[in-house]
Amino acid sequence: MANTMTEEQQNEMMKTQINTFKEFLLQYNKITEICFKDCINHFIAREVTKKEESCAVNCLEKYMKMTSRISQRMQEFQMLQNEQALAGAGGVKP
Amino acid sequence: MASSLGNMDPASMKIVQDLEIDMMADMFTRLSSACHQKCIPKEYREGELNKGEAVCLDRCVAKYLETHEKIGKKLTEMSVQQDPDFLKRVEEQNVKIKT
């Protein structure tokens, strides 16, 4: 199957993969920034404390859940809008 | 909007579609950041979203999207006031799309 792919298709796939990876890295940095800001507040010791670590882990877990909830709600909104647009277009057309 | 791309040539259609995807992704990032700031307290005693946070997030998304729409409408209005040809151009685009 892979051999039947044209060079263009392979390039396209490569691009999508790189893009996905890029998105992952961006999200990784974003979460680190947020959770660092929210959880690491004093610098008495050099090491990350147990408390800070559990805060950061909870922060990550919560962030992921938040993201999936938001994307779910956005998709619902979009679907509703598409339906309305379709209904509107259908009504206008002769 | 993507559904209304009528008789455009594939190349420019791809550009418009990519632009739309990029815009959606950008909005998602901004929305997430705004609603995180407004709904999630800075103490993380657990990894679960609690009831209050979940409800807050749902409303936050709804309000953000509604605001997005309202501002879009107003912005169009203002653009028309500044440049009367704006609507004409949009209409032309719509005619192109519908045919």
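The values are calculated or read from the model by the stated rules, or taken from the named source; none is laboratory data. For clarity, every value in this text was computed on a predicted model and none was experimentally measured. Neighbour counts are summed over all protein chains in view; Cβ atoms, including those assigned to glycine, are modelled from backbone coordinates with ideal geometry. Each accessible area value is taken on the protein alone, full model and side chains, heavy atoms only, with ligands, DNA and RNA left out. Shrake-Rupley method; radii C 1.70, N 1.55, O 1.52, S 1.80 Å.
At least 1 residues being modelled with pLDDT under 95, within 23 Å of residue A:33 (Cβ to Cβ) and within 14 Å of chain A (Cβ to nearest Cβ) is the threshold, and among the helices (runs of 4 or more DSSP H) wholly inside chain B those reaching it are B:10-39. Residue check: residue A:8 meets all listed conditions (1) under 30 Å from residue B:39 (Cα atoms); (2) of a type in the set (Asp, Glu); (3) open to solvent by 70 Å² or more (accessible area, probe 1.4 Å); (4) assigned to a helix (DSSP H, G or I) but one, namely (1). Residue-level check: of (1) open to solvent by 80 Å² or more (accessible area, probe 1.4 Å); (2) of a type outside the set (Val, Ile, Thr); (3) at pLDDT 95 or above, residue A:55 misses just (1). The residue that is farthest from residue B:26 (Cα to Cα), among those in region B:58-87 that are of a type in the set (A, V, I, L, M) and open to solvent by less than 70 Å² (accessible area, probe 1.4 Å), is B:80.
Applying the criterion of being among the acidic types (Asp, Glu) and closer than 25 Å to residue B:41 by Cβ to the residues of region A:30-52, the residue that is surrounded by the most Cβ atoms within 10 Å (Cβ to Cβ) is A:38. Return yes or no: is residue A:27 open to solvent by less than 70 Å² (accessible area, probe 1.4 Å) and out of contact with any Phe, Trp or Tyr (no Cβ under 8 Å at 6 or more places or on another chain)? For residue A:27, the condition - open to solvent by less than 70 Å² (accessible area, probe 1.4 Å) and out of contact with any Phe, Trp or Tyr (no Cβ under 8 Å at 6 or more places or on another chain) - is met. The residues on offer are A:25, A:60, and the sole one that is within 11 Å of chain B (Cβ to nearest Cβ) and part of a helix (DSSP H, G or I) is A:60. If we scan region A:73-83, do we find a residue that is facing chain B (nearest Cβ under 9 Å), within 17 Å of the chain's Cα centre (by Cα) and of a type in the set (A, V, I, L, M)? Scanning region A:73-83 turns up at least one residue that is facing chain B (nearest Cβ under 9 Å), within 17 Å of the chain's Cα centre (by Cα) and of a type in the set (A, V, I, L, M).
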